[in-house]
Amino acid sequence: MEKVRVQDAVGMVLCHDITEIIPGVVKDRAFQKGHIIREEDIDRLLDLGKAHIYVYNLEDGYVHENDAAARMVKAACGQGLRKSEVKEGKINLYAEYTGVLKINLEALYAVTENPEICFATIHGNKLIQEGTMVAGTRVIPLVVKEETLEQFEAVCREMGPIIQMLPLKAAKIGMVTTGSEIQSGRITDKFGPILEAKAKALGCEITGQVFPGDDQEAITEAILKFIEQGVDLVEVTGGMSVDPDDMTPAAIRACGGEIITYGAPVLPGAMFMLSYVKDVPVVGLPGCVMYAKRTVYDLTVPRILAGEKLTRRDFTHLAHGGQCQNCKVCMYPNCGFGE
């Protein structure tokens, strides 16, 4: 901070508010802290009795908060985000389309280790609707050293974007509904309409539904047939518990794919199963998906449809926040479920 003549302050940053007082008429802020002095400001400042002012000289290796926010957004953002206009040093980020929000936590924590950096996000790994505000950023001081921003930018180059939106694929889904009671017509399938509605909400299509009963070989054959037909996802319903006559997990294993998990630290949804068969995800859905508002389905299937290949570690991370509170009015994803 330095004291300079007004005439010498053009291009410098005002360090303090300047108030205009006209007795009986006005008492208001004429110039705001952070204002960059322009040539046309000189006469008015002199009229206000300010022959000298305190400023930051940006030529001395400092960056104004507005420019700093713009640089951080440029460095930190991946695909699918739109930014607000800068206001008082802050820029907000919004989802450009409906998709899965991804936050690079390691990079986020690395940049915010610096107390002069503010980069705040909502929780990631959730389906976020178009237009949702997902983050905001600014620097804490009015001006920040150039090297601080260079360090921020270096982290983003080395570790990748801090924040991005993954678009959902307009997937074709095959549905395998197990259970002899449904195959025989003794009871009406209630799972199908639920998954139809969920697929539609995700911009996807159920291309077919089959009813192989409880025969393990028939269930396996149905899964493989859908994969041969070129679906992007196979959803298998029913028979996911540990009862002796529940054949679904064994049938999925018999497809010969990579089993990621049978069991998830999520309630509702503990009996969830995920396998990749010829690179096509196959999910075994527990009964809770049929009757509960939000389940493991909502925490995993959108991510699968966004192109993520989930690992067992991804499921381990669901344990913290994996208990749905069954609120009377569901606020998901604006709640702690899955965080």
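Within the shell of other residues whose beta carbon sits under 14 angstrom from the beta carbon of GLU217, the net charge comes to -1, with Lys and Arg scored +1 and Asp and Glu -1.
Can you tell me how the stretch 171-329 classifies by the Cα gyration tensor, rounded, prolate or oblate, using a/c under 1.5 as the rounded cut? Verdict is rounded for the stretch 171-329.
Here the accessible area is traced with a 1.4 Å probe on the protein chains. For the chain, carbon and sulfur cover 49 percent of it. A straight Cα-to-Cα reach below 30 Å connects LYS90 with the lysines LYS3, LYS27, LYS33, LYS50, LYS74, LYS102, LYS126, LYS145, residues fewer than 8 places away in its own chain not being considered. What the phi angles of the stretch 95-107 give under the Karplus curve with 6.51, -1.76 and 1.60, with θ = phi - 60°, is a coupling list of 5, 6, 8, 6, x, 9, 7, 10, 10, 7, 4, 4, 5 Hz, glycine and proline written as x. Under a 5 Å amide H cut-off, with hydrogens placed 1.01 Å from N, ARG294 pairs with nothing among residues at least 5 apart or on other chains.
Once the Cα gyration tensor of the chain is found, what semi-axes does its equivalent ellipsoid get, as square roots of 5 times the eigenvalues, in whole Å, sorted largest first? Working shown, then result.
Details: eigenvalues 677, 71, 46 Å².
Its equivalent ellipsoid spans semi-axes of 58, 19, 15 Å.
Once backbone amide H atoms are built at 1.01 Å from N, TYR97 has GLY131 as its partners under 5 Å, excluding neighbours fewer than 5 places away on the same chain. Just to confirm my numbers, what's the Cα centroid distance between the stretch 106-163 and the stretch 182-258 in Å? Using only Cα atoms to place each centre, the spacing works out to 42 Å.
Determine the calculated [θ] at 222 nm for the chain from helices alone, applying -39500 (n - 2.57) to every DSSP H run no shorter than 4 residues and normalising by the residue count; nearest 500 deg cm²/dmol. Write out the running numbers ahead of the final one.
Working: 11 runs with 94 residues, N = 339.
For the chain, the value works out to -7500 deg cm²/dmol.
Using Cα pairs closer than 8 Å and at least 6 residues apart in sequence, work out the relative contact order for the stretch 1-121, in percent.
Working: 146 pairs, mean separation 26.0, N = 121.
Result for the stretch 1-121 is 22 percent.
The phi-based Karplus calculation (6.51 cos²θ - 1.76 cosθ + 1.60; θ = phi - 60°) puts the 3J(HN,Hα) values of the stretch 313-330 at 4, 4, 6, 4, 5, 6, 4, 7, x, x, 9, 6, 8, 6, 4, 4, 10, 6 Hz, whole numbers, x for Gly and Pro.
Residue order by solvent-accessible surface for HIS64, HIS320 is HIS320, HIS64, largest first, with ligands and nucleic acids left out and a 1.4 Å probe. Of ASP314, ASP47, ASP67, the residue with the greatest mean-square motion in the GNM of the chain, using alpha carbon springs below 10 Å, is ASP47.
With all protein chains present and a 1.4 Å probe, how do LYS74, LYS126 order by accessible area, largest first?
Numbers: LYS74 175, LYS126 5 Å².
The ranking, largest first, comes out as LYS74, LYS126.
Where only protein heavy atoms count, and the probe is 1.4 Å, what is the accessible area per residue for the chain in Å²?
Details: 17390 Å² over 339 residues.
It amounts to 51 Å² per residue over the chain.
Can you bin the stretch 1-89 into rounded, prolate or oblate? Criterion: square roots of the alpha carbon gyration tensor eigenvalues sorted a ≥ b ≥ c, rounded for a/c under 1.5, prolate for a/b above b/c, oblate for the rest. Each step should come with its number before you reach the end.
Details: a/c = 3.40, a/b = 1.77, b/c = 1.92.
In terms of gyration-tensor shape, oblate.
Sorting check: for 179-187, 271-279, which peptide has the highest mean count of neighbouring beta carbons within 10 Å, and how do the rest follow?
Working: 179-187: 14.0, 271-279: 19.3.
The densest-packed peptide leads the list: 271-279, 179-187.
Before anything else, pin down the relative contact order of the chain: Cα pairs under 8 Å, at least 6 apart, normalised by residue count, whole percent. Numbers along the way, then the final one.
Numbers: 686 pairs, mean separation 42.6, N = 339.
Dividing the mean separation by the residue count of the chain yields 13 percent.
What order do HIS52, HIS35 take when sorted by accessible area (1.4 Å probe), most exposed first? Present the calculation step by step, with values, prior to reporting the outcome.
Numbers: HIS52 95, HIS35 50 Å².
The ranking, largest first, comes out as HIS52, HIS35.
Amide H to amide H, with H built 1.01 Å from N, LYS33 comes under 5 Å of ASP17, ILE18, counting only residues 5 or more places away or on other chains.
3J(HN,Hα) couplings calculated from phi for the stretch 231-241 with the Karplus curve 6.51 cos²θ - 1.76 cosθ + 1.60 (θ = phi - 60°) are, in sequence order, 5, 9, 7, 10, 10, 10, 10, x, x, 9, 8 Hz; Gly and Pro show x.
I need the peptides 221-232, 328-339 ranked by packing, meaning the mean over residues of other C-beta atoms within 10 angstrom, with the highest value on top. Intermediate results must be reported in sequence, preceding the final value.
Working: 221-232: 18.8, 328-339: 15.0.
Top of the packing list down: 221-232, 328-339.
The Cα center of the stretch 1-62 and the Cα center of the stretch 267-339 differ in position by 56 Å.
The values are calculated or read from the model by the stated rules, or taken from the named source; none is laboratory data. Small disclaimer: the values here were computed from a predicted structure and weren't measured. Note that we place each Cβ from the backbone using ideal geometry, even for glycine, and neighbour counts take in every protein chain shown. These area figures cover heavy atoms from the full protein model, side chains too; ligands, DNA and RNA do not enter into them. Shrake-Rupley method; radii C 1.70, N 1.55, O 1.52, S 1.80 Å.
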